[in-house]
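Nothing in this text is a laboratory measurement; each read-out follows from the coordinates by a stated rule. None of the values given here were measured: they were computed from a predicted structure. In this analysis, Cβ positions are derived from the backbone assuming ideal geometry, glycine residues included, and neighbour counts consider all displayed protein chains.
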Amino acid sequence: MSKFPSGCSDDSSQILAAYLTDNGFSGATLIRGEYGGKNEELHSHVWLDLDGFKIDVTADQFNKRGYDNPSVIIAQENEFLETFETTNDGIADFRIHLKDYSDPGLESDFESCYKVVLSHLSAQA
C-alpha cells in the first residue's frame, strides 16, 4: 500500500470492514464497481456498503484524473460511486471474505497489515 490510495480500494475496504466489525459495526459488504466515471473510463473500484451507507476511503485516488472526491466518503448516495456498474461480493471483513481463497498466506498478509493499522491508530489515541 505504498502508493495509497491508488490501487488500494479492495485491500483497504477489507481491512476497514474488519476494523468496523471489531468496533461493533459488523455486516459491511464489499461492493465491486466497474466501468465508472464520466465516460466509463474507470475500470474498477471497491468500497463498502454498511446498512445502506457507502463507505469509501480511496475515492480521492481518482482526483488526479479530473475528479473532486473527498478522502473519505460516507453517504447513502454518492454521484461518483453511482457511475459504476456494481456487484455485491458479500461480507467484506477479510477474515471472512478470504476464506474462499486457496492462498493460505493471503489472510496472514492481511492480518499483518491490519495489525499495522491498529498500531498507528493506538499511537494517535
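Apart from one condition, GLY36 fits all of (1) surrounded by fewer than 19 Cβ atoms within 10 Å (Cβ to Cβ); (2) out of contact with any Lys or Arg (no Cβ under 9 Å at 6 or more places or on another chain); the exception is (1).
Exactly one residue among VAL46, VAL57 is within 19 Å of ASN23 (Cα to Cα), in contact with a helix residue (DSSP H, G or I) (Cβ under 9 Å, 6 or more places away or on another chain) and crowded, with 19+ Cβ neighbours inside 10 Å, and that residue is VAL57. If you check THR87 against the conditions, is it part of a helix (DSSP H, G or I) and of a type in the set (Val, Ile, Thr)? Against the criterion (part of a helix (DSSP H, G or I) and of a type in the set (Val, Ile, Thr)), THR87 does not qualify.
The residue that is nearest to TRP47 (Cα to Cα), among those in region 98-109 that are surrounded by 10 or more Cβ atoms within 10 Å (Cβ to Cβ) and either touching a Phe, Trp or Tyr at 6+ places or on another chain (Cβ under 9 Å) or small (Gly, Ala, Ser) (or both), is LEU98. Considering only region 31-54, I want to know if a residue exists there that is part of a helix (DSSP H, G or I), touching a Ser or Thr at 6+ places or on another chain (Cβ under 9 Å) and among the charged types (D, E, K, R). Looking for residues that are part of a helix (DSSP H, G or I), touching a Ser or Thr at 6+ places or on another chain (Cβ under 9 Å) and among the charged types (D, E, K, R), one finds none in region 31-54, hence no. Screening SER112 against (1) surrounded by fewer than 15 Cβ atoms within 10 Å (Cβ to Cβ); (2) without any contact (Cβ under 8 Å) to a residue 24 or more places away in the chain; (3) not in a helix (DSSP H, G or I) leaves a single unmet condition, (3).
Taking ASP11 as the residue in question, decide whether it is of a type in the set (D, E, K, R) and more than 23 Å from HIS97 (Cβ to Cβ). It is false that ASP11 is of a type in the set (D, E, K, R) and more than 23 Å from HIS97 (Cβ to Cβ). Looking at SER26, is it in a loop (DSSP other than H, G, I, E, B) and within 20 Å of LEU121 (Cβ to Cβ)? Against the criterion (in a loop (DSSP other than H, G, I, E, B) and within 20 Å of LEU121 (Cβ to Cβ)), SER26 qualifies.
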